[in-house]
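Undergrad: My questions will all concern the structure given below.
The values are calculated or read from the model by the stated rules, or taken from the named source; none is laboratory data. Remember, it's a predicted structure, so these values are computed and weren't measured experimentally. Backbone-built Cβ (ideal geometry, glycine too); neighbour counts: all protein chains shown.
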Amino acid sequence: MTALDETPTELDTVTTTHPTSHAKLIAWVDEMAALTTPDRIHWITGTPEEHQALLDELVAAGTFTKLDKKPNSYWCASDPTDVARVEDRTFICSVDEEDAGPTNNWMDPGEMRVIMRDLYRGSMKGRTMYVIPFVMGHLDAEKPMFGVEITDSPYVVVSMNVMARTGTKVLEALGTDADFVPAMHSIGAPLEPGQADVAWPCNDTKYIVQFPESREIQSFGSGYGGNALLGKKCYSLRIASVMARDEGWLAEHMLILKLTSPQGTVNYIAAAFPSACGKTNLAMLEPTIPGWKVETLGDDIAWMRFGKDGRLYATNPENGLFGVAPGTGWDTNPNAMRAIDAGGSVFTNVALTDDGDVWWEGMTPEAPAHLTDWKGRDWTPDSTEPSSHPNSRFCTPIRNCPILAEEYDDPQGVPISAILFGGRRKTTIPLVTESRDWTHGTFMGATLSSETTAAAVGAVGVVRRDPMAMLPFIGYNAGDYFQHWINVGKDADSTKLPKIFYVNWFRRDAEDGSFLWPGFGENGRVLKWVVERLEGTAAAVETPIGHVPAPGSLDVDGLDVSAEQLEKALAVDPEEWKAEVPLIQEWFDKIGDKTPTTLLTELDGLKARLGL
Ligand code: GTP
Ligand code: SPV
Ligand code: MN
């Protein structure tokens, strides 16, 4: 074991013997400890007492503020430079550059390992190294998907405890030789003896690295979200997408919901929208139309495998919600509000009220008269900046969700009958379009476009292609990923495949810039149309881009939207689409030789239908 030069605190379990006999795990932990030279090593057991002790420690360190108004919940603010995923610092280090493709940053894995070793050397000095055994998905899944995250951030530990199943039960299930994804994380802020810590230590140099062939993750410099909670995007999407390609399944950036009709018919729907484009909201929808019910299975990630009956079954690998705070309110997403009120949450980069609660833009119509903003400054409704960072988040156990579907507990998952792709587009993309078949649906997904949001560092509001809402998360060549989607459809019984739809809640009125569709609970109307299309009862009209609701087929009973507005929301404008085609062409040119021929044929068909 590594030389440990400090006496352990009460909390820290310094192990001279490891609480496992998994040789590969022991060797890796020892190697990382020798490299990063932490003062202490703490293997996470996952007990409530341990979790509470870490929370108390974060309060004592000044990182967390305990909220008076919500049970066992905490407020915290990150360093203002560490607020979102860093896509330009995220790398897929495949052996061959071509396997990372034109959409990922790539570096030779050997070179990257040298860089990372240099960064990790001594990086945990003065801190505790936590070893978090975790499993994405169920521990009793047919093949549990194990990981172990090493981190020097207690914030990451308490967040991982919420977002994944962690601790001794996982370590025991790992046994002596089960495969696991080693996920190495350091905030990169060593402490010299006597040096005072800051509330949110991090490093200006950041790397988020995936090694797809060896299924390894290495992250440095950031403590926030997907950069640091490595079970989430790094494992469950970037690494898992590579596993899925190799093994014939799909790892996707999708919510999973259960929809029950007034007649009691159940349909499971998965939906992929880019970051901060409405997955959590749709997953927890409270439909405005009478008799329809939504229950939640997942709000961010879906793993989908074929069942013995030939249908595609989805599971949510996560155990918590890491949701965008701004815009979440009683009128937009009451179920998320109930979930966070139930306690056990960590809020990052939102505002703090004077009576020990949290607030953010969109929570209530009127802002409180005084707040402490996410940067710790006094804030009033007259302040020029928002009180909360646009990518501020709540981290809440999924069990808090008042409409969690009971099937959430089933490791087999649920059979998906429809997949929705969607983005944030002011123009061009109608409220809902149905694809003709799987290949056409794959084309819709592969050419999905959306305005960038605050979920990633960089410009906001720029339209970019975000295929299947996976642009920052595909762990391999995007052209190969499209081919994988085509293959999944080819190998399946087409009558059992989910039907694919394309939605856009974010189209705007050209005249006044307002949203044409009220969204949120009203999106249940679109889900109803989707189900009626599956059942063959709703009418549609064929357009160059697919089938859209025939006049009168979308249930707008009681909806406060003018006929003119609705027409604009549903319109397929040939001129807008003629302008879109060169952008799709440019995108496929970027993907290059690996663009599946079938998708180029789809584009040719679209051009022909538009008279191009
Ligand atoms: P990630 O967690 O980043 O993957 O985001 P997400 O896809 O889960 O997005 P989320 O549901 O958190 O919504 C992001 C933002 O979009 C929030 O500010 C919401 O209020 C807003 N939003 C969600 N659904 C709708 C909608 O139907 N209409 C409009 N106008 N805004 C919406
Ligand atoms: C996203 O950006 O899509 C998120 C938040 O869900 S993060 O965990 O930071 O990836
Ligand atoms: Mn997401």
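Undergrad: Pairs, please: C-beta under 7 Å, at least 6 apart or cross-chain, first residue of a type in the set (A, V, I, L, M) and in the stretch 31-45, second part of a loop (DSSP other than H, G, I, E, B)?
TA: The qualifying pairs are Ala33/Thr2; Ala34/Thr2; Leu35/Arg121; Ile41/Val14; Ile41/Thr15; Ile44/Gly167.
Undergrad: Take Leu404 and decide whether it is closer than 25 Å to Ala550 by Cβ and in contact (Cβ under 8 Å) with a residue 12 or more places away in the chain.
TA: no
Undergrad: Taking the stretch 349-380, which residues are within 14 Å of Lys70 (Cα to Cα) and hydrophobic (A, V, I, L, M, F, W, C)?
TA: Leu352, Val358, Trp359
Undergrad: Within the stretch 278-309, how many residues are within 11 Å of ligand 2 (Cβ to nearest atom) and either surrounded by fewer than 24 Cβ atoms within 10 Å (Cβ to Cβ) or among the polar types (S, T, N, Q) (or both)?
TA: 1
Undergrad: Could you list, in sequence order, the residues of the stretch 458-476 that are within 14 Å of ligand 2 (Cβ to nearest atom) and either part of a helix (DSSP H, G or I) or surrounded by fewer than 19 Cβ atoms within 10 Å (Cβ to Cβ) (or both)?
TA: Within the stretch 458-476, Gly458, Val460, Met468, Ala469 qualify.
Undergrad: Can you list the strands (runs of 3 or more DSSP E) lying wholly within the stretch 310-373 that have 1 or more residues being more than 16 Å from ligand 2 (Cβ to nearest atom)?
TA: 312-315, 351-353
Undergrad: In addition: Could you tell me which residue of the stretch 239-255 is surrounded by the most Cβ atoms within 10 Å (Cβ to Cβ), considering only residues that are more than 18 Å from Ser214 (Cα to Cα) and within 16 Å of ligand 1 (Cβ to nearest atom)?
TA: The extreme case among them is Met254.
Undergrad: Can I ask one more? Of the residues that make up the stretch 425-447, is at least one within 18 Å of Asp300 (Cβ to Cβ), within 15 Å of ligand 2 (Cβ to nearest atom) and within 18 Å of the chain's Cα centre (by Cα)?
TA: Among the residues of the stretch 425-447, not one is within 18 Å of Asp300 (Cβ to Cβ), within 15 Å of ligand 2 (Cβ to nearest atom) and within 18 Å of the chain's Cα centre (by Cα), which makes the answer no.
Undergrad: I'm trying to understand the selection: among the residues of the stretch 368-394, which are crowded, with 19+ Cβ neighbours inside 10 Å and among the aliphatic types (A, V, I, L, M)?
TA: Leu371
Undergrad: Next up: With the condition being under 30 Å from Trp249 (Cα atoms), I'd like the helices (runs of 4 or more DSSP H) fully within the stretch 497-612 carrying at least 3 qualifying residues.
TA: 523-535, 574-591, 597-609
Undergrad: Picking from Ser214, Ser219, which residue would you name as being away from ligand 1 (no atom under 16 Å from the Cβ) and within 29 Å of Gly461 (Cβ to Cβ)?
TA: Unique residue meeting the criteria: Ser219.
Undergrad: Further question on the same structure: In the stretch 114-128, what residues are farther than 13 Å from Leu191 by Cα and either crowded, with 19+ Cβ neighbours inside 10 Å or touching a strand residue (DSSP E or B) at 6+ places or on another chain (Cβ under 9 Å) (or both)?
TA: If the condition is that a residue be farther than 13 Å from Leu191 by Cα and either crowded, with 19+ Cβ neighbours inside 10 Å or touching a strand residue (DSSP E or B) at 6+ places or on another chain (Cβ under 9 Å) (or both), then Ile115, Met116, Leu119, Tyr120 are the ones that fit.
Undergrad: Evaluate the stretch 477-484: report whether one residue or more is over 28 Å from Ser94 (Cα atoms) and either buried (at least 22 other Cβ atoms within 10 Å of the Cβ) or touching a residue at least 24 places away in the same chain (Cβ under 8 Å) (or both).
TA: No.
Undergrad: Would you check if Leu55 is surrounded by 16 or more Cβ atoms within 10 Å (Cβ to Cβ) and closer than 21 Å to Ala189 by Cα?
TA: Spelling it out, Leu55 is indeed surrounded by 16 or more Cβ atoms within 10 Å (Cβ to Cβ) and closer than 21 Å to Ala189 by Cα.
Undergrad: What residue, of Thr296, Thr265, Thr328, is more than 16 Å from ligand 3 (Cβ to nearest atom), of a type outside the set (Gly, Ala, Ser) and at pLDDT 95 or above?
TA: Thr265
Undergrad: Turning to a different aspect of this structure: So, Thr45, is that one modelled with pLDDT of 95 or more and in a strand (DSSP E or B) or not?
TA: no
Undergrad: So in the stretch 357-395, with the set limited to residues that are away from ligand 1 (no atom under 16 Å from the Cβ) and touching a residue at least 24 places away in the same chain (Cβ under 8 Å), which one is farthest from the chain's Cα centre (by Cα)?
TA: Trp379
Undergrad: Can you confirm whether Thr495 is surrounded by fewer than 20 Cβ atoms within 10 Å (Cβ to Cβ), within 16 Å of ligand 2 (Cβ to nearest atom) and of a type in the set (S, T, N, Q)?
TA: No.
Undergrad: Under 6 Å between Cβ atoms, which residue pairs at least 6 apart in sequence (or on different chains) link something in the stretch 239-263 that is part of a loop (DSSP other than H, G, I, E, B) with a partner that is of a type in the set (Val, Ile, Thr) and at pLDDT 95 or above?
TA: Matching pairs, first to second residue: none at all.
Undergrad: Continuing with the same structure: Looking at Asn333, Asn391, Asn319, Asn349, which one is under 30 Å from Ile474 (Cβ atoms) and touching a His at 6+ places or on another chain (Cβ under 6 Å)?
TA: Exactly one of Asn333, Asn391, Asn319, Asn349 is under 30 Å from Ile474 (Cβ atoms) and touching a His at 6+ places or on another chain (Cβ under 6 Å), namely Asn349.
Undergrad: Could you grab me the full set of residues in the stretch 223-238 that are within 16 Å of ligand 1 (Cβ to nearest atom), part of a loop (DSSP other than H, G, I, E, B) and closer than 23 Å to Asp108 by Cα?
TA: Within the stretch 223-238, none qualify.
Undergrad: If I ask for residues that are in contact (Cβ under 8 Å) with a residue 40 or more places away in the chain and surrounded by fewer than 16 Cβ atoms within 10 Å (Cβ to Cβ), which ones from the stretch 578-593 would you list?
TA: Hits for the stretch 578-593 are Ala579, Leu583, Lys590, Gly592, Asp593.
Undergrad: Still on this structure: Enumerate the pairs (first residue in the stretch 323-339 and touching a residue at least 12 places away in the same chain (Cβ under 8 Å); second residue anywhere and of a type in the set (Asp, Glu) and more than 16 Å from ligand 3 (Cβ to nearest atom)) with beta-carbon separation below 9 Å, excluding pairs fewer than 6 apart on the same chain, so at least 6 apart or on different chains.
TA: Ala325/Glu361; Pro326/Glu361; Gly327/Glu361; Asn333/Glu286; Pro334/Glu286; Asn335/Glu286
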